[in-house]
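A quick write-up on the structure given underneath.
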Amino acid sequence: MQTLPHSLCDRGANLKIKDMNTIAEQLKELTTAEQVAVLNAYYDDSQYYDDKIYEFDACTIDDIFPAPWDAMMAAINGDITMSDDYFRMDGYGNLQTLSGIQIENELVHIITWLEQNPDIAEDFGIETKNNNEEE
């Protein structure tokens, strides 16, 4: 792997990348349920309500859909893998299941948000540069 000459590197940018990698490592250490909770906090805070992730179980399906027919249609028209533990609704109201790997891949998009919201990060046991400085 090639690296940039020191004259072209910005020390601040390198430190920021290191901080982001630390947050990413901490996110990977969380259980999938904890990762889902962090993602849902991000979606709520960003008002991305349609992206919310739910547990893929009978109780949740019963709570979300008013009738079995509606659940069946959302499943038939959706993208379901029965071994997945989580799901979300796509833009058409159809079920789209998510594996643990897919959830982990989505965490990349919230690292900056966690860095900018150290109180929220701390709620999930994630240390950021910002919440370390507050102590």
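Coordinate-derived values only; no laboratory data. Predicted model, so just to flag it, every value in this text is computed and none were measured. Don't worry about glycine lacking a Cβ; one is built from the backbone with ideal geometry, like all the others, and counts go over all protein chains shown.
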With each label point set 7 Å from Cα along the Cα-Cβ vector, what nm distance links residue 79 and residue 37?
2.8
So which chymotrypsin sites (Phe, Trp or Tyr not before Pro) in the range 76-125 end up in coil per DSSP with only 16 or fewer other C-beta atoms within 10 Å?
92, 124
What list of ³J(HN,Hα) couplings, whole Hz, do you get for the range 99-106 from phi and the Karplus terms 6.51, -1.76, 1.60, once you set θ to phi - 60° and write x for glycine and proline?
8, x, 5, 5, 5, 4, 5, 6
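Only four residue types carry charge here, +1 at the Cβ of Lys and Arg and -1 at the Cβ of Asp and Glu. Report the dipole size of the range 11-126 about the Cα centre in Debye, rounded to the nearest 20. Working shown, then result.
Details: 6 positive and 23 negative charges, 105 e Å.
Rounded to the nearest 20 debye, it is 500 debye.
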Taking 54-64, 93-103 and ranking on average Cβ neighbours within 10 Å, highest first, one gets 93-103, 54-64
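Calculated FRET efficiency, residue 69 and residue 22, Cβ-Cβ r, R0 41 Å, to nearest 0.05? It would help to have the intermediate numbers written out before the result.
On the way: r = 48 Å, r/R0 = 1.17.
So, using R0 = 41 Å, E works out to roughly 0.30.
If R0 is 35 Å, what FRET efficiency do you get for residue 50 and residue 29 from their C-beta distance, rounded to 0.05? Write out the running numbers ahead of the final one.
On the way: r = 28 Å, r/R0 = 0.81.
E between residue 50 and residue 29, to the nearest 0.05, is 0.80.
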Distant-in-sequence amide H partners of residue 85 (H built 1.01 Å from N, under 5 Å)
98, 100
